[in-house]
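A quick write-up on the structure given underneath.
A short reminder: the numbers here are calculations on the coordinates, not readings from a lab. Please read these numbers as outputs of a predicted model, since none were measured by experiment. Because the Cβ atoms are built from the backbone with ideal geometry, glycine has one as well, and the counts that use them run over all protein chains shown.
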Amino acid sequence: MMMLVSKPETEPSNLSDNKAQQIPAQYKGWRLSTKLINGKLWLRWQHPKESFARFGCPINQDDIASTINHGRFLIDLGIKLEEETAKQRLKH
């Protein structure tokens, strides 16, 4: 499952949010982070040209590696689609 949001999320200011600190990382220029959303930990990723993490999926606590691999797969797919779109624009 992947979630696409149309705008940045507003951050409520309470103590429980402080416990769910974002842990930034990079994968092929995309920013990866985690966030607690409605009591569930999510992996989120942000396009290098955007100012917020538009994409995300809940982290499977039993298999975190699979969740990370899934996020990387979707980033790779996004990169490939961008490349194909750029090629199509050059042809026209």
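Overview of results
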| item | result |
| --- | --- |
| GluC sites (Glu not before Pro) within region 35-92: DSSP coil, no more than 15 neighbouring Cβ in 10 Å | E50 |
| For region 81-92, Karplus couplings with θ = phi - 60° (6.51, -1.76, 1.60), whole Hz, Gly/Pro x | 5, 4, 5, 5, 4, 5, 5, 5, 5, 5, 5, 9 |
| Prolate/oblate/rounded label for region 27-68 (Cα gyration tensor, a/c 1.5) | oblate |
| Inter-probe distance in nm under a simple model that places probes 7 Å from Cα toward Cβ, at R72 and R89 | 2.9 |
